[in-house]
Amino acid sequence: MSTFIYLRVADGANSDLNSAEEACREFAARRGWEVTDTYRDITGGMDNDRSGYVRLKEAIAAGEAARVITTSPQMLTRDYAEGRRLARLADEHGAKLYGVWGDFSLMGADLAETDAAMAGRTAVPHVDEPGDERVEVRVMLTFDTDAELVFGNRTPQNPLRVPAVDIVRDTGIPFTELPGARLTAVVTEDPEHGQRVTAYRRA
C-alpha cells in the first residue's frame with residue numbers, strides 16, 4: 001500500500017503545482033510516509049477525465065493506495081457528484097484522502113466528513129441551544145457546491161450563499177433536490193462573517 005500525491009491547476013501555473021507538491025511532501029514526511037508517485041493535471045476541476053486523476057482512481061480501485069494527499073478537496077474535483085463517487089471509491093478500497101491546507105487534514109475519515117471537505121469546509125455538527133430561534137428558509141438554487149437561501153430580509157435579489165453540504169447532512173435531502181426545498185434553520189449573527197445558518201430541518 002502506497003502514498004500518492006494528486007495536484008491540479010486550471011491553467012499552466014507550474015510554479016503553483018511545485019509549491020503544492022512541496023507542501024504535500026512535507027505533510028507526508030512529518031508522518032513518516034514515503035511518497036510513491038505524484039499525479040498532475042492542468043485542467044479545470046469539472047473535467048473528470050483528466051489523465052492523472054483517472055490513473056489515481058485506477059490505483060485506488062486496484063488497492064494500491066493507502067492514502068492520497070492533495071492540498072484541498074477542490075484540487076481533486078469541483079464536481080459534487082464526482083466527489084461523492086471518489087469518497088465511496090476510497091472508502092471501499094481502504095484509502096484515506098488527506099488535504100494539507102485549511103481544515104481538511106482528515107478528509108477521508110468517513111463519507112460524511114469527506115462530503116463536508118469536498119464542499120470546501122469542514123462541517124461542524126450543530127444542535128439547537130437555549131435561546132435559538134428557528135426561521136423558515138427556502139433554497140432558491142444551487143451553484144457549484146453552494147446553496148442560495150431566502151428568508152427574512154434575504155430576498156431573491158439578495159440571497160445568502162451557504163455550503164450546500166450542511167443542508168444535505170442535516171436534512172438528508174439529495175444535493176440535486178435542494179432547489180425549491182422549504183426548511184427551518186437557526187440564523188445567528190456572526191460578528192466576523194455576518195449571518196450564519198445552522199441546524200437545518202425539513203419544514
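Taken together, the values in this text are just the output of simple stated rules run on the coordinates, not laboratory data. All values derive from a computational prediction rather than experimental measurement. Every residue, glycine among them, receives a Cβ derived from its backbone with ideal geometry; neighbour counts consider all protein chains shown.
Numerical summary
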quantity	calculated
Region 43-84, residues that are among the aliphatic types (A, V, I, L, M), touching a residue at least 12 places away in the same chain (Cβ under 8 Å), surrounded by fewer than 16 Cβ atoms within 10 Å (Cβ to Cβ) and within 23 Å of SER19 (Cα to Cα)	MET46
Filtered residue count, region 165-191, keeping only those that are of a type outside the set (Lys, Arg), exposed (fewer than 13 other Cβ atoms within 10 Å of the Cβ) and under 14 Å from VAL137 (Cα atoms)	1
Strands (runs of 3 or more DSSP E) lying entirely in region 137-203 (those with 2 or more residues that are over 17 Å from the mean Cα position of the chain (by Cα) and aliphatic (A, V, I, L, M))	146-150, 182-190, 194-202
Index of the failed condition, GLY45 passing every other in (1) under 18 Å from VAL100 (Cβ atoms); (2) more than 21 Å from the chain's Cα centre (by Cα); (3) of a type in the set (Gly, Ala, Ser)	(2)
